[in-house]
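The structure under discussion appears below in the form of structure tokens.
Computed from the coordinates by the stated procedures, all read-outs in this text should not be read as laboratory data. Just so it is clear, the model here is predicted, and its values are computed rather than measured. Neighbour counts are summed over all protein chains in view; Cβ atoms, including those assigned to glycine, are modelled from backbone coordinates with ideal geometry.
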Amino acid sequence: MPVTKLSAPQSEAELMQRANLLAGRALGDIAAQLQIAAPENLRRHKGWVGQLLELALGADADSLPEPDFRSIGVELKTLPIGRDGKPRESTYVCTVPLDGRLEPEWGESWLCRKLSRVLWLPVEAEPDLPLSLRRVGCPLLWSPNDDEAEALRLDWEELGEMIRIGELESITARMGTVLQIRPKAANSRVTCESVGADGEVITTHPRGFYLRPTFTHSILQRYTLS
């Protein structure tokens, strides 16, 4: 564990200054500076990279339902990148409320709030590259433009309506243009309760909202070309 916890950044400029200092550095180097042991791989430590970079940047939300950097309202998302410069997987955003508490309006949703301001940190993620040698890329501070926000809203409304009318089990990862719903659990034995098509309580698996790799790749391209 780190000897001291870095104080939270008090402005976007301060956050970006810290993030730029991480660019080009290897994860093992960052972990050593924070006195954290780096695992050999991520098979049993899937969230380790994000947790490491949260500590390195001074994120202060912990497990609270707030943006990672609370005082400035910025969420941190790491983006595993292949040698081709494209994201290697979907990006988890937040859990899907299955207890009837899904917000009625997109603008009021926790998903919308989390995506209103995001610090993207690309990280090398080729399987043959040792975890400790994988480097952090240049940071991007992003808010959805009009087209991106509209695409997110449309997917959220379509998928949300299916949840509300009890069609959760009919939702597949193929649905949604930029947003998808996928199981979110450590293993298939983890279950929770939801509402079925006839209003009955059913047992199902936790779900999460994820951004498609094509969407996050388009974000990278927009900043690279701007």
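Compute the acute angle (0 to 90°) between the alpha-carbon long axis of helix 12-22 and the principal axis of greatest extent of the alpha-carbon atoms of the chain; round to the nearest 10°.
The two axes meet at around 60 degrees.
Roughly what would the spin-label model give for Gln10 and Ser170, points 7 Å off Cα along C-beta, in nm?
Each label point lies 7 Å from its Cα, and together they span 5.4 nm.
With a sphere of radius 10 Å drawn around the Cβ of Pro213, what net charge do the other residues whose Cβ falls strictly inside it have (Lys, Arg +1; Asp, Glu -1)?
Result for the neighbourhood of Pro213: +2.
Let me check I've understood the local charge: for Thr78, count other residues with C-beta under 13 angstrom from its C-beta, Lys and Arg +1, Asp and Glu -1. What total comes out?
Taking every other residue near Thr78 into account, the sum is 0.
More than 22 Å apart: what percent of Cα pairs in the chain qualify?
Across the chain, Cα pairs with separations above 22 Å total 55 percent.
Given the chain, what count of lysine pairs have C-alpha atoms under 21 Å apart, with each pair 8 or more places apart or on different chains?
9
Let me have the 222 nm mean residue ellipticity of the chain computed from DSSP H runs of 4+ only, each contributing -39500 (n - 2.57), with the sum over all residues rounded to the nearest 500.
Result for the chain, helices only: -8500 deg cm²/dmol.
Are there GluC sites (Glu not before Pro) in the stretch 28-92 that DSSP puts in a loop and that have at most 10 other Cβ atoms within 10 Å, and which ones?
Qualifying residues, ordered by number: Glu40.
Percent relative contact order of the stretch 49-160, based on C-alpha pairs within less than 8 angstrom and at least six residues apart?
Here the relative contact order equals 22 percent.
Among residues other than Cys94 whose Cβ falls under 13 Å from its Cβ, what is the net charge (Lys/Arg +1, Asp/Glu -1)?
Taking every other residue near Cys94 into account, the sum is +3.
Give a residue-ordered list of calculated ³J(HN,Hα) values for the stretch 168-176 (Karplus: 6.51 cos²θ - 1.76 cosθ + 1.60, θ = phi - 60°; whole Hz; x for Gly, Pro).
Along the stretch 168-176, the couplings run 3, 5, 8, 7, 10, 5, 7, 7, x Hz.
May I ask for the angle, rounded to the nearest 10°, between helix 146-164 and the longest principal axis of the chain, with both axes built from Cα atoms and the value confined to 0 to 90°?
Its long axis makes an angle of about 50 degrees.
Angle between the Cα long axis of helix 213-225 and the longest principal axis of the chain, 0 to 90 degrees, nearest 10?
That works out to roughly 40 degrees.
Taking amide H positions as placed 1.01 Å from N in the peptide plane, with prolines and chain starts having none, which residues 5 or more places from Leu76, or on another chain, fall under 5 Å of its amide H?
Asp68, Phe69, Leu119
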